[in-house]
Amino acid sequence: MLKRAALGMLVIIGLAFVSACGGTSQPQAETIKIGFFGPMSGNSASDGTHSMYAAKLAIDQANANQTVPGKTFELVTYDDQLDPNQAITVAQKLVTEDKVRAVIGGSYSSTTRAAAPVFQQAGIPMLAAYATHPEVTKTGPMIFRVIYITTVQGKALAVYATTKLNYRNFHVLNINNDYGRSITEAFTKTAQANHSTIVSTSEYASDATDFSSQIAIIKAKPADALILVGYYAQSADIIKQVRQAGITLPIIGSDGLDSPSLVDLGGSDVEGVILATDFSRNDPRSIVQNFIREYRNAHGIDPDVVASSTYDATNLLIDAFKRSPNTSSSAIRDTLAATQTYEGVTGAIVFTPEREVNKTVLFVKIERGAFTFLDKLDPSQLP
């Protein structure tokens, strides 16, 4: 009897040992770290935070749905403080300390351009979500972008203003950074080629709060419209001061104005403003409406252009992990480059050999506090 009991105990112990060694257990999921950097403090905190929210939503959805069987994604986030030096520091941390497999650039052009060489040298693919300066992807073959470049946007603004709205005389007011200057340059060349006149061009600093000198220039000479190139926070102040000065010119803005915060800060003064973007809240596709609903449910706010572009960048990267023969950074890079067509909330994403996208530029108008779709320009319609 004792021998039988002892034998039974040995069987139980043996089974337990086999189980502990993985005889019947499921293999653990591989954890893949995805890096993210963006301005999550300071004057641009809203854009960086909204971008991070979108990346996190995409990661959470992929993990919950087991989009890539056997893989769990972890988002590693850093605040670049909209400082190129800080962007370099966080890029180095993502590479050397966190050992991320790929990176989402949820920041502006200046910081993205600073960080990109770090990832290029380390052989880690980076997807720029909304940094639009042409030089970003010229860093090297590891760097991709999911939004149109500034020159495309500048051309689109000019074509739309001159051929769709039939305006011929423009004041241009832009922020004095890579983003502002490159859009303004492309707008100016295209508008002039379309037999239009740039009545004035003025710049403002990224920390400016008083725009009276620029407004005096605008007020001094008549024009058909004001082209405003910048970001939502300062643009709201500019528009309020423009209207307070009695200037009633139509205002056409760049995609940096595409944020619910523009309406929150600008109030009734921003009513009627038209702006370029790659995101339409009125798009009836289920992928768009589901994104808007789930983003709102998760964060209590509606998504904007930086959120939608970051959501697409993150989901495209997750899709690359699903399609790739392995999860090495080099394999993911090659899989991204081989993307045929990826249907995102901002439209179809197809990479050129230069790792850029040929995307449609959309135009929306603020009506009763909402961003309402007006029109679009396909790449074939631009010079």
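Just so you know, all these numbers are worked out from the coordinates, no wet-lab data involved. Note that this is a predicted model, so its numbers are computed, not measured. Cβ coordinates were reconstructed from backbone atoms using ideal geometry, including for glycine residues, and neighbour counts include every protein chain displayed.
With just the Cα atoms defining each centre, how far is the stretch 50-112 from the stretch 194-241? Give it in Å.
Here the two parts' Cα centres lie 34 Å apart.
By the scheme Lys and Arg +1, Asp and Glu -1, what is the net charge of all other residues having a beta-carbon under 10 Å from that of Val270?
Every neighbour counted, the sum reads -1.
Per the Cauchy relation, a quarter of the hull surface: what is the mean projected area of the convex hull of the alpha carbons in the stretch 149-270, in nm²?
6.7 nm²
5 Å is the cut-off here: which amide hydrogens, built 1.01 Å from N in the peptide plane, fall below it relative to Lys33, excluding neighbours closer than 5 in sequence?
Amide H neighbours of Lys33, under 5 Å, 5+ apart: Glu74, Arg101.
Give the cross-link partners of Lys138 among the lysines, using a straight C-alpha distance below 21 Å as the criterion and excluding same-chain residues fewer than 8 apart.
Lys155, Lys359
Cβ neighbours within 10 Å, averaged per peptide: list 364-372, 209-217, 38-46 in order, most packed at the top.
38-46, 364-372, 209-217
Relative contact order of the stretch 326-380, please, whole-number percent, based on alpha carbon pairs below 8 angstrom and at least 6 residues apart. Walk me through the numbers before you get to the answer.
Numbers: 58 pairs, mean separation 11.3, N = 55.
Result for the stretch 326-380 is 20 percent.
Setting aside same-chain residues fewer than 8 positions from Lys164, which aspartates and glutamates have a Cα under 16 Å from its Cα?
Asp224, Asp375, Asp378
Give the residues of the stretch 345-383 whose amide nitrogen is closer than 17 Å to a point set 7 Å from the Cα of Ile287 in the direction of its Cβ.
Backbone N within reach: 345-352, 357-362.
Roughly how compact is the chain, stated as its Cα Rg over 2.2 N^0.38 Å to two decimals?
Taking the Cα Rg and dividing by 2.2 N^0.38 Å, one obtains 1.16.
Suppose we take every Cα in the stretch 239-383 and form the convex hull; what volume per residue is that in Å³?
142 Å³
Rounded to two decimals, what is Rg over Rh for the stretch 70-207 when you use alpha-carbon atoms and the Kirkwood radius?
Ratio of gyration radius to Kirkwood radius: 1.09.
Using per-residue counts of other Cβ atoms within 10 Å, averaged over each peptide, order 328-341, 121-134, 263-276 from highest down.
Top to bottom by mean Cβ count within 10 Å: 121-134, 263-276, 328-341.
Can you check what the net charge comes to around Glu30, using other residues whose Cβ is under 15 Å from the Cβ of Glu30 (Lys, Arg +1; Asp, Glu -1)?
So the environment of Glu30 carries a net charge of +4.
Could you list Arg101, Arg323 in order of exposure, starting from the residue whose Cβ has the fewest other Cβ atoms within 10 Å?
The most exposed by this proxy come first: Arg323, Arg101.
Using alpha-carbon positions, what is the distance between the centroids of the stretch 272-306 and the stretch 309-361, in Å?
20 Å
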